[in-house]
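First the structure, in the form of structure tokens, and then the observations on it.
The values are calculated or read from the model by the stated rules, or taken from the named source; none is laboratory data. These numbers were taken from a predicted model, which means no experiment stands behind them. Here the Cβ positions follow ideal geometry from the backbone for every residue, glycine too, while neighbour counts run over all protein chains shown. To get the accessible areas, we keep the full protein, side chains included, count just its heavy atoms, and leave off ligands, DNA and RNA. Shrake-Rupley method; radii C 1.70, N 1.55, O 1.52, S 1.80 Å.
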Amino acid sequence: MSGEETMIIALVGNPNAGKTTLFNALTGGNARVGNYSGVTVELKSGEFFSSHGNRMRVVDLPGCYSFKAVSADEQVAVDVLSGASGKIARPDLVVCVVDASNLERHLVLALDVIALGLPAVIALNMVDVAEKSGLRLDPAKLSEELGVPVVPMQANAKKGLVELKQAIRPPFPAPAKPAWDTGNGEAAENQRRKFVRDLCDLAARRPTEHQMTVSDRIDAWLLHPVFGWVVFAGVMLGVFWTIFSFSAIPMDFIEGALGSFGEWVGANMAEGDLNSLVVDGVIGGLAGTLVFLPQIVLLFLFIGLLESSGYMARAAYLMDGVMSFAGLSGKAFLPLFSAHACAIPGVMAARTIDSPKERLVTIFVAPWMSCSARLPVYFLLIPLLLSAQAPAWKQALILAGVYSLGIITSFIVARILRGRIDPGKKPNHFLLELPPYRAPQWGYILRHVGGRAWAFVSRAGTIILGLSILLWALSTYPKSASEDSAEQLAHSAMGRIGNVIEPVVKPLGFDGRIGTAILTSFAAREVFNTTMAVIFHVEESDDEDAATRSLREKIAAATWPDGRPLFTPLVVISLLVFYVYALQCLPTSAVVAREIGSWKWAVGQFFFMSGFAYVVALLVYQIGRLFMR
């Protein structure tokens, strides 16, 4: 035993076997989550009591297909089960969760578990799905042939849970070496697979050899080369539109509530720097953190629904061919697609990608998907390229071009970066299991959404709040004798930095005022509009459209000291290109550092994208000037 009081039970299984559902059923959802040392793989652990009163600690290992350790997830499972993890003692017993409706595929991992020599129990999950598909299961025959207890279960309904707890009782005798385990090598692997096929013929029989399941009949439509893409496009557009549109309601509420709270706090505090720190720095930073929460909640709600229903695997299957052009697999599609709403939930959604290298590349290029925070900047600048009488479709066409620019560049860079990380390796076509369609597991989905939301608020939120306070300090000090907000900003450290960097941004066509607005927008891209309104003395208005029009008129009339127009079409294009590429969102960098587990990559991503944006905007402006001459 690993200890006199608490014994360690490891849960292993293929992805989509219902392992996490069983974990939640055993522990009551009272789990502790921690990152495995050295990699960004989460391990969940919890406790429960067996039917004999023994305290058990259950560890939910990452889903894997075999113990050949081709990914970080599989390596973590191998380390824990072999006792080489250094963090977790070797388990006293292994519960291998298998999907009864896909028994032949899942038993391959079960044989690997049994061959380890650890005491083991097979949790034969989803027996209801298997029986509905026409399978006739014989758990007793499975147990006899495998040499370990086999417990039929329906984990999502907690059926078979009592029987499983009865099977998990000490002492745990180590199983004898099975007759089919003749050692390693290709011949032994062929023998194992033959054993699995023969066992399924005995213990998982179909009444007719070629009977189609309900999932097979649905897939005939949803994986159809034409109709399947129509459904896929509808689902993805629906997800994107909902995140983009419905989240605006709670986001506006959060901004309004915290804005009102800030006004109330400001009115009840003495005027001065402390007032400004609390209202603009702390409460403003809190608003800048919590405003992302609705998008994160909605995104992970949809991810949970798509995964739980079984459609997520189909979406990844359909997109695999397209994403291969970027050296990525179909699983990278949803994070990149979601990043168009906000890069932060898009980065967090990359957790669904099994390959750590592919996940890293996906996170690296995700901020190049034009997010909703860029839209205020685009809507401010794009009309400056057209006449007042230009039809709306021309603005829409330019906006589509701006979005396409980010997507195409991200694909090219992802392909190059993937080649650097895996030199000589061809684009990865991942192994994917299509689970049966099933009703969403709402308990699991809500716990999943709540866990992701709390992780964002408690971890990334503290970093974002700190960065917001730092930017407030730079915009506030040193103090100006004037009460004019524009003069105060110009006098502050941020304004002075803007003036200092004017020689740096001038080759892009920008002056110090634009440079200052760019610097302040590192807190959030849409702050560019707010700063420009302050610099150009635009009066506040309850009508946001009227305020935007007024600001556009002011900047359209702005000039250099010698009278030359500042915002020429070429300067506007240069600025648009810069905002497409620059990672002007420190909250995103904070989330990237948390998700990857390294500030090194986050800082490298920040400087690479900012440098890339500078170089491309420089080329656009300077080459454009040559043609204009």
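If you go through the stretch 609-629 and keep only what is over 17 Å from VAL504 (Cα atoms), open to solvent by 40 Å² or more (accessible area, probe 1.4 Å) and part of a helix (DSSP H, G or I), you end up with ILE623, ARG625, LEU626, PHE627, MET628. Residues that are surrounded by 19 or more Cβ atoms within 10 Å (Cβ to Cβ) and at pLDDT below 75 do occur in the stretch 452-459, at least one of them.
Yes/no per residue for (1) part of a loop (DSSP other than H, G, I, E, B); (2) at pLDDT 80 or above:
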site: GLU163; (1), (2): no, yes
site: PRO171; (1), (2): yes, no
site: ALA176; (1), (2): yes, no
site: THR182; (1), (2): yes, no
site: LEU199; (1), (2): no, yes
site: LEU202; (1), (2): no, yes
site: ARG217; (1), (2): no, yes
site: TRP221; (1), (2): no, yes
site: ILE243; (1), (2): no, no
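Going by the conditions given, is SER492 open to solvent by 10 Å² or more (accessible area, probe 1.4 Å) and at pLDDT below 85? In short, no.
Within the stretch 149-158, the set of residues being modelled with pLDDT under 90 and of a type outside the set (S, T, N, Q) comprises ALA155, ALA157, LYS158. In this structure, does LYS479 turn out to be outside any helix (DSSP H, G or I), modelled with pLDDT under 75 and open to solvent by 40 Å² or more (accessible area, probe 1.4 Å)? Spelling it out, it is not the case that LYS479 is outside any helix (DSSP H, G or I), modelled with pLDDT under 75 and open to solvent by 40 Å² or more (accessible area, probe 1.4 Å). Within the stretch 78-98, if we keep just the residues that are open to solvent by less than 50 Å² (accessible area, probe 1.4 Å) and in contact with a Lys or Arg (Cβ under 8 Å, 6 or more places away or on another chain), the residue that is farthest from GLY18 (Cα to Cα) turns out to be GLY83. Residues in the stretch 385-411 that are out of contact with any Ser or Thr (no Cβ under 9 Å at 6 or more places or on another chain) and in contact (Cβ under 8 Å) with a residue 24 or more places away in the chain were compared, and the one that is least open to solvent (accessible area, probe 1.4 Å) is SER410. Once the stretch 584-608 is narrowed to residues that are out of contact with any Ser or Thr (no Cβ under 7 Å at 6 or more places or on another chain) and among the aromatic types (Phe, Trp, Tyr), the residue that is surrounded by the fewest Cβ atoms within 10 Å (Cβ to Cβ) is PHE607. Checked against the criteria, VAL603 does not count as at pLDDT below 90, under 30 Å from ALA350 (Cα atoms) and assigned to a helix (DSSP H, G or I). Show the residue pairs meeting these rules: Cβ distance below 9 Å; 6+ apart or different chains; first residue within the stretch 265-282 and touching a residue at least 60 places away in the same chain (Cβ under 8 Å) and farther than 18 Å from PRO478 by Cβ; second residue open to solvent by 40 Å² or more (accessible area, probe 1.4 Å) and part of a helix (DSSP H, G or I). The qualifying pairs are VAL282/LEU465; VAL282/ILE469.
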